[in-house]
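K.L.:
Here you go, one structure.
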Amino acid sequence: MNSFYEGTYTVNSREIDGQNRCRLSALLGYLQEAATTHACLLHVSREETLAKYNSFWMLARIWCRLDRPLLWNETFTVRTSYREGRGASFYRDFDLFVGGKPVGEAVSVWVLADLNTRKLLRMSKVLEFSQVEGERSAKDKILSRIHLPEGMAGVDCRRLYYSDTDVNGHVNNTRYADFACDALRLETLDASRFVSELQLDYTAECRPGEEITMLAGERDGLTYVQGVDPEGKPRFGAALGYGTAAE
């Protein structure tokens, strides 16, 4: 079994915004698709970890960076690899290519949570990773928790529905990118600009029927969004940076 996987995808019309650019949520979906395929090849798919460890994968944090937007009908390659797990955390890394040229990268942190107790499983207990051969990721980026600015103000209120959910019954991790972009009214962003960097922290599970309030603020050139429940408990955090799109 190899420690990396490559998949090729094409941005379709359901995944673009008003500028013919791949939405961030769709990009995260492609990363998730590549990660899921690789997990199946490594025999650590959701079904297999449930059967053997009574645990399922949860994304704790993800960061991605783009040199330029991905465009409608553009074909690109995702190369994903993993780093050896530390404690209860598992790092999965990604590189993005168009025509063989790098256009971006991503880093994600995953945990295995017990289906019943949500207690985290230490990666040293996952025997399948000891059987993997081949190269390891060369990345060494560590994702720290987002430190939100003070004085963030409410900008939106969002109710969660069936269409937001995934196989685990909670809100799919890709949807939080939409929540952040919607809260910031990204459709008003000048066409010469695009989101070139995004980090998402998944603090607590969200489920259909719940309602979350979006807070936003800025600091040091980054824009921040936080989702909180009616009691003020944080559910997710996001940090977005912007770049200039080539004409």
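K.L.:
Could you put Thr10, Thr174 in order of accessible surface area, largest first, with the 1.4 Å probe and the full protein assembly present?
P.N.:
Sorted descending by solvent-accessible area, the residues read Thr10, Thr174.
K.L.:
Same structure, new question: Using a basic spin-label model with each label point 7 Å from the Cα along Cα→Cβ, how many nm lie between Leu120 and Lys101?
P.N.:
My value for the distance between the label points is 4.0 nm.
K.L.:
Specify the residue with the greatest mean-square fluctuation among Thr49, Thr117, Thr37, computed from a Gaussian network of the chain linking alpha-carbon atoms under 10 Å apart.
P.N.:
Fluctuation is largest for Thr117.
K.L.:
Taking Cα pairs under 8 Å and at least six residues apart, what relative contact order does the stretch 126-247 come out at, in percent?
P.N.:
Answer for the stretch 126-247 is 30 percent.
K.L.:
Any idea what the relative contact order of the stretch 1-97 is, in percent, if you count C-alpha pairs under 8 Å spaced at least 6 apart?
P.N.:
Relative contact order for the stretch 1-97 comes out at 41 percent.
K.L.:
Any idea what the relative contact order of the stretch 59-175 is, in percent, if you count C-alpha pairs under 8 Å spaced at least 6 apart? Walk me through the numbers on the way to the answer.
P.N.:
Values: 149 pairs, mean separation 26.7, N = 117.
It rounds to 23 percent for the stretch 59-175.
K.L.:
Go through 61-73, 158-170, 96-108 and give me the packing order, highest mean Cβ count within 10 Å leading.
P.N.:
Taking the mean over residues of other Cβ atoms within 10 Å, the ranking is 61-73, 96-108, 158-170.
K.L.:
Rounded to the nearest 10 Å², what accessible area does His147 show when all protein chains are kept and the probe is 1.4 Å?
P.N.:
120 Å²
K.L.:
Relative to a virtual label point 7 Å from the Cα of Glu128 in the Cα→beta-carbon direction, which members of the stretch 48-63 show backbone nitrogen distances below 20 Å?
P.N.:
48-61
K.L.:
Could you pull out every residue, at least 5 positions away or on a different chain, whose amide H is within less than 5 Å of the one on Arg193? Hs are placed 1.01 Å off N in the peptide plane, and Pro or chain starts have none.
P.N.:
Result for Arg193 returns Ala245.
K.L.:
Based on the mean of other beta carbon atoms within 10 Å per residue, what is the order of 180-191, 197-208, most packed first?
P.N.:
Going by the mean number of other Cβ atoms within 10 Å, highest first, we get 197-208, 180-191.
K.L.:
Given the C-alpha centroids of the stretch 1-55 and the stretch 233-247, what is the distance between them in whole angstrom?
P.N.:
Cα centres, the stretch 1-55 to the stretch 233-247: 21 Å.
The values are calculated or read from the model by the stated rules, or taken from the named source; none is laboratory data. Since the model is a prediction, treat every value here as computed from it, not as a measurement. Here Cβ is always computed from backbone atoms with ideal geometry, including for glycine, and neighbour counts include all displayed protein chains. When the accessible area is computed, the model is the full protein with side chains, heavy atoms only, and any ligands, DNA or RNA have been set aside. Shrake-Rupley method; radii C 1.70, N 1.55, O 1.52, S 1.80 Å.
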